[in-house]
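Peer 1: Sharing a structure with you now.
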Amino acid sequence: MDNFTYQNATKVIFGKDTEKQVGEETSRYADRVLLHYGGGSIKKYGLYDKVVNSLKEAGVEIVELGGVQPNPRLKLVKEGIELCRKEGLGFILAVGGGSVIDSAKAIALGVPYDGDVWDFYTGKAEVKKALPLGVVLTIPAAGSETSPGSVITKEEGWYKRPVNHDLLRPQFAILNPEISFTLPDYQTACGTADIMAHVMERYFTNTANVDLTDRLCESTLKTMIKNVPIVLENPEDYDARAEIMWAGTVAHGGLLGTGREEDWASHDIEHELSGIYDIPHGAGLAVIFPAWMKYVYKHDLKRFAQFAVRVWNVEPDFNNLERTALAGIERLKEFFSSIGLPVTLGELDIPDDRLEEMAEKCTENGPVGNFVKLYKEDVLKIYKMAR
Ligand code: NZQ
Ligand code: ZN
């Protein structure tokens, strides 16, 4: 196990009706805030009114900025920065999924910074300050509700890039699984692929002697495999929705990666797809992750066989670990298909003509991944294997 420092400072408030606490929580930080949200689901399903009422009761005034799109864009972030400056706002409340939260985090970075907020996403500027933010989560998926990450797309060139810093962890995150009852099946499935990917990016490691975190990763994956089919059958199954929502936060809060090297190649490879083709991040991962696995599994057959046996209950073949390893990858793919996700680029209607450009863009700052370092040619092969 490697040395590590672990601190996840986000206060998680979990369970039925917890959105009613948003006013009280927010009022600890500010009495005027930016209320940031997406394309309208929160108004359609009544969450907006509940949040606004709770804020009002706690004496918190709001300035609103809605309209965050999935794969959130830089343009709206800049509008948000201007709005916060003009209105003198020092706290942002994000009500939505990963896209809304990431957009809020970008605004939080941009307000106290003199230059172009995109500088943080290219690595040109170092994060030193950010406004505090709070979250009411509507979809278990990105894990942004307690993560230090924000992923934004710059329209010029369709670059989708992340920044990570502990200052971007929200002050609080309110998680009511009932809010996820209204998710369309496809969004539930996309969120599932993302949650499982966040675990697998940590699971496939070169660090030895990480038994505890291996087991935590495996149980988080098994929790998803058990509960997702239940909610696809019955979207209002509270217990299953609760397992999934908590798994989504645990998957990306940092605990599962403690003491071990993490990979992240599949995420980097995927971000080119959702950046250019504007597909859901989770759908892109369902296509890329199995292809990445097929490309790298020989690097550590034992780890892939362990994944197959412990997560997917594959019968181990001790004389042929490769067969066991490949069976695990196949089970993952079958699971993604069974919950309605694409597993090939073709199913996403992504043509072949820009694979080279994406491989180039993905590796422009050097190789991606840690389990196996991948250069442009490797990434291109993975895109081709995903066709
Ligand atoms: O915009 P609205 O109308 O709210 O609709 C959203 C959106 O269309 C809808 N939705 C959300 N909650 C709903 C709902 N519909 C009905 N009922 C509800 N309760 O779902 C759609 C997708 O929302 P989005 O926020 O885009 O989903 P997700 O949480 O998957 O976020 C994806 C973004 O997060 C980034 C991804 O790259 C992508 O841009 N990620 C962020 C990370 C981080 N900050 O740590 C890590 C991840 O790896 C990921 O890259
Ligand atoms: Zn992700």
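Peer 1: Quick one: would you say T205 is open to solvent by 10 Å² or more (accessible area, probe 1.4 Å) and either farther than 28 Å from Q171 by Cα or touching a helix residue (DSSP H, G or I) at 6+ places or on another chain (Cβ under 8 Å) (or both)? Talk me through it step by step, then tell me what you get.
Peer 2: Numbers: open to solvent by 10 Å² or more (accessible area, probe 1.4 Å): no; either farther than 28 Å from Q171 by Cα or touching a helix residue (DSSP H, G or I) at 6+ places or on another chain (Cβ under 8 Å) (or both): yes.
No.
Peer 1: When P235 is evaluated against the numbered criteria (1) more than 12 Å from ligand 1 (Cβ to nearest atom); (2) part of a loop (DSSP other than H, G, I, E, B); (3) farther than 26 Å from A208 by Cβ, which criterion, by number, is the only one it fails?
Peer 2: Of everything listed in (1) more than 12 Å from ligand 1 (Cβ to nearest atom); (2) part of a loop (DSSP other than H, G, I, E, B); (3) farther than 26 Å from A208 by Cβ, P235 misses just condition (1).
Peer 1: Among the residues of segment 82-103, how many are part of a helix (DSSP H, G or I), of a type in the set (A, V, I, L, M) and over 24 Å from S274 (Cα atoms)? Lay out the reasoning, then the answer.
Peer 2: First, pick out the residues of segment 82-103 that are part of a helix (DSSP H, G or I): 82-87, 98-103.
Among the residues that remain, those that are also of a type in the set (A, V, I, L, M) are: 83, 100-101.
If we keep only those that are over 24 Å from S274 (Cα atoms) as well, we get 83.
Final tally of qualifying residues: 1.
Peer 1: If the requirement is being small (G, A, S), more than 16 Å from ligand 2 (Cβ to nearest atom) and in contact with a Lys or Arg (Cβ under 9 Å, 6 or more places away or on another chain), which of these qualifies: A104, A58, A94?
Peer 2: Values: A104 fails: in contact with a Lys or Arg (Cβ under 9 Å, 6 or more places away or on another chain); A58 fails: in contact with a Lys or Arg (Cβ under 9 Å, 6 or more places away or on another chain).
The conditions single out A94.
Peer 1: In the set E272, E330, which member is in contact with a helix residue (DSSP H, G or I) (Cβ under 9 Å, 6 or more places away or on another chain), part of a helix (DSSP H, G or I), charged (D, E, K, R) and open to solvent by less than 50 Å² (accessible area, probe 1.4 Å)? Talk me through it step by step, then tell me what you get.
Peer 2: Numbers: E330 fails: open to solvent by less than 50 Å² (accessible area, probe 1.4 Å).
On inspection, the qualifying residue turns out to be E272.
Peer 1: Of the residues in segment 143-159, how many are in a loop (DSSP other than H, G, I, E, B) and open to solvent by 10 Å² or more (accessible area, probe 1.4 Å)?
Peer 2: Filtering segment 143-159 for residues in a loop (DSSP other than H, G, I, E, B) gives 143-148, 155-158.
Subset that is open to solvent by 10 Å² or more (accessible area, probe 1.4 Å): 148, 155-158.
Count: 5.
Peer 1: Take the residues in segment 350-361 that are touching a residue at least 60 places away in the same chain (Cβ under 8 Å) and in a loop (DSSP other than H, G, I, E, B); name whichever of them is surrounded by the most Cβ atoms within 10 Å (Cβ to Cβ).
Peer 2: Only one residue tops the list, namely I350.
Peer 1: Moving on. Got a number for residues in segment 8-36 being within 23 Å of the chain's Cα centre (by Cα) and among the polar types (S, T, N, Q)?
Peer 2: Counting residues in segment 8-36 that are within 23 Å of the chain's Cα centre (by Cα) and among the polar types (S, T, N, Q) gives 3.
Peer 1: Criterion first (under 24 Å from K154 (Cβ atoms), in a helix (DSSP H, G or I) and either of a type outside the set (G, A, S) or modelled with pLDDT of 95 or more (or both)) does K56 satisfy it? Give the derivation first.
Peer 2: Details: under 24 Å from K154 (Cβ atoms): no; in a helix (DSSP H, G or I): yes; either of a type outside the set (G, A, S) or modelled with pLDDT of 95 or more (or both): yes.
When the stated conditions are applied, K56 does not pass them.
Peer 1: Does V250 satisfy the condition of being part of a helix (DSSP H, G or I), away from ligand 1 (no atom under 12 Å from the Cβ) and under 22 Å from P170 (Cβ atoms)?
Peer 2: On the way: part of a helix (DSSP H, G or I): yes; away from ligand 1 (no atom under 12 Å from the Cβ): yes; under 22 Å from P170 (Cβ atoms): yes.
Spelling it out, V250 is indeed part of a helix (DSSP H, G or I), away from ligand 1 (no atom under 12 Å from the Cβ) and under 22 Å from P170 (Cβ atoms).
Peer 1: Checking A242 against (1) surrounded by fewer than 20 Cβ atoms within 10 Å (Cβ to Cβ); (2) farther than 30 Å from K128 by Cα: exactly one of these is not met. Which one?
Peer 2: (1)
Peer 1: Going through G39, G59 one at a time, which residue ends up being more than 23 Å from the chain's Cα centre (by Cα), small (G, A, S) and open to solvent by 40 Å² or more (accessible area, probe 1.4 Å)?
Peer 2: Values: G39 fails: more than 23 Å from the chain's Cα centre (by Cα).
Residue meeting the stated conditions: G59.
Peer 1: Follow-up. Of the numbered conditions (1) under 22 Å from the mean Cα position of the chain (by Cα); (2) away from ligand 2 (no atom under 16 Å from the Cβ); (3) crowded, with 17+ Cβ neighbours inside 10 Å, K75 fails exactly one; give the number of that condition.
Peer 2: (3)
Peer 1: Moving to a separate point now. Considering (1) open to solvent by less than 30 Å² (accessible area, probe 1.4 Å); (2) touching a residue at least 40 places away in the same chain (Cβ under 8 Å); (3) in a helix (DSSP H, G or I), say which one L341 fails and leave the rest.
Peer 2: Failing condition for L341: (3).
Peer 1: Do you know which of the residues in segment 63-75 that are out of contact with any helix residue (DSSP H, G or I) (no Cβ under 6 Å at 6 or more places or on another chain) and not in a loop (DSSP other than H, G, I, E, B) is farthest from I279 (Cα to Cα)?
Peer 2: Restricting to residues being out of contact with any helix residue (DSSP H, G or I) (no Cβ under 6 Å at 6 or more places or on another chain) and not in a loop (DSSP other than H, G, I, E, B), the top hit is E64.
Peer 1: Looking at P162, P170, which one is open to solvent by 50 Å² or more (accessible area, probe 1.4 Å), touching a strand residue (DSSP E or B) at 6+ places or on another chain (Cβ under 8 Å), within 11 Å of ligand 1 (Cβ to nearest atom) and outside any helix (DSSP H, G or I)?
Peer 2: It is P162.
Peer 1: Check T182, T205, T153 and return the single one that is in contact with a Lys or Arg (Cβ under 6 Å, 6 or more places away or on another chain), at pLDDT 95 or above and within 9 Å of ligand 1 (Cβ to nearest atom).
Peer 2: On the way: T182 fails: in contact with a Lys or Arg (Cβ under 6 Å, 6 or more places away or on another chain); T205 fails: within 9 Å of ligand 1 (Cβ to nearest atom).
None of the others qualify; the one that does is T153.
The values are calculated or read from the model by the stated rules, or taken from the named source; none is laboratory data. Note that the coordinates shown come from a computational prediction; the quantities given were computed from them, not determined experimentally. Every residue, glycine as well, gets a Cβ built from its backbone with ideal geometry; the counts of neighbours run over all protein chains shown. Just so you know, the surface numbers come from the protein's heavy atoms only, side chains and all, with ligands and any DNA or RNA stripped out. Shrake-Rupley method; radii C 1.70, N 1.55, O 1.52, S 1.80 Å.
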